[in-house]
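Remarks on the structure that follows.
The values are calculated or read from the model by the stated rules, or taken from the named source; none is laboratory data. Bear in mind that the values here come from a model prediction, so they are computed numbers and not experimental data. Positions of Cβ are generated from backbone atoms using ideal geometry, with glycine treated the same way; all protein chains shown enter the neighbour counts.
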Amino acid sequence: MKPATFIPTASALMLAAAPALAFDIKGIEVGKSDACERFNQLPSTAHRGTCGVGSVAFRQVPFLSGTSRLAVSMNNDGLVVSVLVESFDFEEALEALTAKFGKPEIEESVVHNRMGAAFKQVRATWKSETELLYLVKHYDKINEPVLYLRENRLADLDYDKRREEKAAKNAANL
C-alpha cells in the first residue's frame, strides 16, 4: 500500500501564510479589553466621547510625524472591535507599517472626484487569521488617507447584531 500524500487545500495554505502576530495601532489591539486604559494614557490635544463598553471615543494624538484623529470602537462586552486613524501622510504610513508588519497586499485602482478628475487609489492590506489592517490613500476626501484595524469575528458579530436590531425596529415601524 502506498503512503498517503498530503495535498494542502487553498484555505490551509492561506492560514499557514497568515502572520501570527497581533496588529496594533498606538499599542491598542483589537479583541482586547484593556484599550480604554491605553487610550486614555495617549497624549492628546483634543478628545470627544468616553472610552467604554459599547462606545466610540476619539482623540487627537501624535502619529508618525504629525497629529492624527484616532477612534476606538468597543462592543457591549467591552472588547475593541476596531481602531481608525485619519489625517496623516500616506507614504510615510505605508513605509512605517511595512517596516513593522511586513509587506502588504497592494491593490491599485482609480477614483474620481465630483468634477471627474481621476486619482490613483492605493489600498494596502495586512491580514492575520483574525485581524485585518488596511491603509487607504483616498478615503472620504482626496488626499485624506485612513488606517483601519478590525478584529474580523467581533466586527462581523457586531455588524450582524446592529443589522438585526435595525430590522426589528423597522419591522415595528411598518
For segment 102-115, which positions are surrounded by fewer than 11 Cβ atoms within 10 Å (Cβ to Cβ), part of a strand (DSSP E or B) and aliphatic (A, V, I, L, M)? Val110
Filter result for the condition that a residue is surrounded by fewer than 17 Cβ atoms within 10 Å (Cβ to Cβ) and more than 15 Å from Asp24 (Cβ to Cβ), over Ala57, Ala99, Ala124, Ala118: Ala118
Select from segment 33-71 the residues that are under 21 Å from Lys100 (Cα atoms), touching a residue at least 24 places away in the same chain (Cβ under 8 Å) and either assigned to a loop (DSSP other than H, G, I, E, B) or under 15 Å from the mean Cα position of the chain (by Cα) (or both) and list them in ascending order. Ala35, Leu42, Leu64, Ser65, Leu70
Every listed condition ((1) at pLDDT 90 or above; (2) loosely packed, with under 14 Cβ neighbours inside 10 Å) holds for Phe90 save (2)
Please go through segment 4-32 and pick out each residue that is out of contact with any strand residue (DSSP E or B) (no Cβ under 8 Å at 6 or more places or on another chain) and either at pLDDT 80 or above or assigned to a loop (DSSP other than H, G, I, E, B) (or both). Ala4, Thr5, Phe6, Ile7, Pro8, Thr9, Ala20, Leu21, Gly27
